[in-house]
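Engineer: Here's a structure for you.
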Amino acid sequence: MRIDEINLLKTCSLLGVIFLHALYPFTVPGIFWKMFAEQPNLTADRIVSCLGLIIIPSFMLASGYLLARGLELKKRSFAEQLANRAKRLLIPWLFMTVFWMVPLYTLFDLPAYNHPAGLSLLHSYEAGLKGLFSDHLWFLLVLFWASVFWLAAFPLLKKIGTPGGLALALAGSWLISRYGSGLTWYALWETAGPLIYMFLGIALWTNRNRLDAFFKRRAVPVFAVTLLLYALFASRTELPQIPYWAACCTGALLAYQASLYCSRRWYKDLRGNVCYRYFENNAFRFYLFHIPGGLLIFKAIDALTSLSPLPFAILSFTLNLAATTLIVALVNTLEAFARNLLTKAG
């Protein structure tokens, strides 16, 4: 069964990530991103900050929604669910680290978090396989750890309900943020917020009928209140974790409400568009392969950084999407070819 609003939310979130990565070089230098224009643009920095509070939490929300749906509809053991998550997240992380990210970052001498320019291939593999140099693949690792947490906690959630689940999410997130700074391998220390955003999706699935009816009857005032709360929390993200998590949660709820509204009106038309349908069907692979495309484009056409950030980001986004489309098409073709060979051999 397709869930239109969740499919739309995931697809738009992944497109948003690719666009944000095209705009990142114009932001104020930070800890994770390592390639910047000579002069940061404060407007671009603000746009990235605001959208960053929405896009990644939205995908985490969608993942929590689908996780809860799968646990409720498919009666699998914890071990089976864990193996399924490892297959869907850890194997792609390992494949992309070994055959894509480490070779390309080393070949083109690209700097990244925990990967300075000039690092040898051996040391790149050492950092990559320890989960220290993971770049955009941190998301797969964090999604795996958050999934494991909620897989283990799901039987308890049925007993304690949504309020108890929220308390559990806050407690787990606080413990990780308070004591997990040393858990640098495999993005463990970055799991704090995602535990809450994933729980938000679980809560939406659990209470979906009442909430969707509520959103439908009061769409405008609910969206306005959520937007107001988002603006309030987003302006206070320099404070301790709670305001930041609240900003991300309200941002994800904004995106969910917008997706719910749009899916009821235009999703069928979108699915009828061949370009959109291809991206939605392959969205995860677009995410995996789009980096370091944006970095290479930025490095190759550095002269164009004299453009203002938005035109440059749109150009980079378009070129990256076109190149990634070719890569994804090639990967799909090779996979189909390998599958046919295995079928004949069997």
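Engineer: Select from segment 312-334 the residues that are surrounded by fewer than 15 Cβ atoms within 10 Å (Cβ to Cβ) and within 24 Å of the chain's Cα centre (by Cα) and write down the one among them that is nearest to Leu288 (Cα to Cα). It would help to see each step written out before you state the result.
Structural biologist: Initial filter on segment 312-334 (surrounded by fewer than 15 Cβ atoms within 10 Å (Cβ to Cβ)): 314, 318, 322, 326, 329-334.
Those left that are additionally within 24 Å of the chain's Cα centre (by Cα): 314, 318, 322, 326, 329-332.
On the way: Ile314: 20, Thr318: 17, Ala322: 14, Leu326: 13, Ala329: 13, Leu330: 14, Val331: 12, Asn332: 13 Å.
Once the filter is applied, the top-ranked residue is Val331.
Engineer: Hey, among the residues in segment 101-156 that are among the polar types (S, T, N, Q) and not in a helix (DSSP H, G or I), which one's surrounded by the most Cβ atoms within 10 Å (Cβ to Cβ)?
Structural biologist: Restricting attention to segment 101-156, the residues satisfying the condition of being among the polar types (S, T, N, Q) are 106, 114, 120, 124, 134, 147.
After this cut, where a residue has to be not in a helix (DSSP H, G or I) as well, the list is 114, 120, 134.
Values: Asn114: 17, Ser120: 9, Ser134: 26.
Across segment 101-156, the extreme among qualifying residues is Ser134.
Engineer: So, in segment 259-295, how many residues would count as being hydrophobic (A, V, I, L, M, F, W, C) and closer than 21 Å to Tyr65 by Cβ? Explain how you work it out, then say what you get.
Structural biologist: Step one: list which residues in segment 259-295 are hydrophobic (A, V, I, L, M, F, W, C), which gives 260, 262, 266, 270, 274-275, 279, 283-284, 286, 288-289, 291, 295.
Filter again for closer than 21 Å to Tyr65 by Cβ, leaving 260, 262, 266, 270, 279, 283-284, 286.
Matching residues across segment 259-295 total 8.
Engineer: Next question, about the same structure. Considering only segment 157-171, I want to know if a residue exists there that is β-branched (Val, Ile, Thr), assigned to a helix (DSSP H, G or I) and free of Cβ contacts under 8 Å to residues at least 24 places away in the same chain. Let's see the steps before the verdict.
Structural biologist: Looking only at segment 157-171, we keep the residues that are β-branched (Val, Ile, Thr), and these are 160, 162.
Now restrict to residues that are assigned to a helix (DSSP H, G or I): 160, 162.
Subsequent filtering for residues that are free of Cβ contacts under 8 Å to residues at least 24 places away in the same chain retains 160.
Within segment 157-171, one or more residues are β-branched (Val, Ile, Thr), assigned to a helix (DSSP H, G or I) and free of Cβ contacts under 8 Å to residues at least 24 places away in the same chain.
Engineer: Residues of segment 76-95 being surrounded by 15 or more Cβ atoms within 10 Å (Cβ to Cβ), among the aliphatic types (A, V, I, L, M) and farther than 19 Å from Leu129 by Cβ, which ones?
Structural biologist: Leu82
Engineer: Please determine, by comparing only the residues of segment 252-263 that are in contact (Cβ under 8 Å) with a residue 60 or more places away in the chain and more than 21 Å from Ser49 (Cβ to Cβ), which one is surrounded by the fewest Cβ atoms within 10 Å (Cβ to Cβ).
Structural biologist: Cys262
Engineer: May I pose another question? Is there a residue being free of Cβ contacts under 8 Å to residues at least 60 places away in the same chain, surrounded by 15 or more Cβ atoms within 10 Å (Cβ to Cβ) and under 15 Å from the mean Cα position of the chain (by Cα) anywhere in segment 21-28?
Structural biologist: Looking for residues that are free of Cβ contacts under 8 Å to residues at least 60 places away in the same chain, surrounded by 15 or more Cβ atoms within 10 Å (Cβ to Cβ) and under 15 Å from the mean Cα position of the chain (by Cα), one finds none in segment 21-28, hence no.
Engineer: Go through segment 185-288 and tell me which helices (runs of 4 or more DSSP H), entirely inside it, have 1 or more residues that are at pLDDT below 90 and more than 21 Å from Gly164 (Cβ to Cβ).
Structural biologist: Details: elements: 192-206, 208-217, 219-234, 241-271, 274-281.
So the answer is 208-217, 219-234, 241-271.
Engineer: Hey, another quick one. May I ask you to verify whether Arg218 is loosely packed, with under 13 Cβ neighbours inside 10 Å, under 19 Å from Thr250 (Cα atoms) and either among the hydroxyl-bearing types (Ser, Thr, Tyr) or over 19 Å from the mean Cα position of the chain (by Cα) (or both)? It would help to see each step written out before you state the result.
Structural biologist: Values: loosely packed, with under 13 Cβ neighbours inside 10 Å: yes; under 19 Å from Thr250 (Cα atoms): yes; either among the hydroxyl-bearing types (Ser, Thr, Tyr) or over 19 Å from the mean Cα position of the chain (by Cα) (or both): yes.
When the stated conditions are applied, Arg218 passes them.
Engineer: Please verify whether segment 74-96 includes one or more residues that are of a type in the set (A, V, I, L, M), assigned to a strand (DSSP E or B) and at pLDDT below 95.
Structural biologist: Within segment 74-96, the subset of a type in the set (A, V, I, L, M) is 79, 82-83, 86, 89-91, 94, 96.
Narrowing further to those that are assigned to a strand (DSSP E or B): none.
The answer is no; no qualifying residue exists.
The values are calculated or read from the model by the stated rules, or taken from the named source; none is laboratory data. Everything numeric in this text was worked out from a predicted model, so none of it was measured. Using ideal geometry, Cβ is built from the backbone for each residue, glycine included, and neighbour counts are taken over all protein chains shown.
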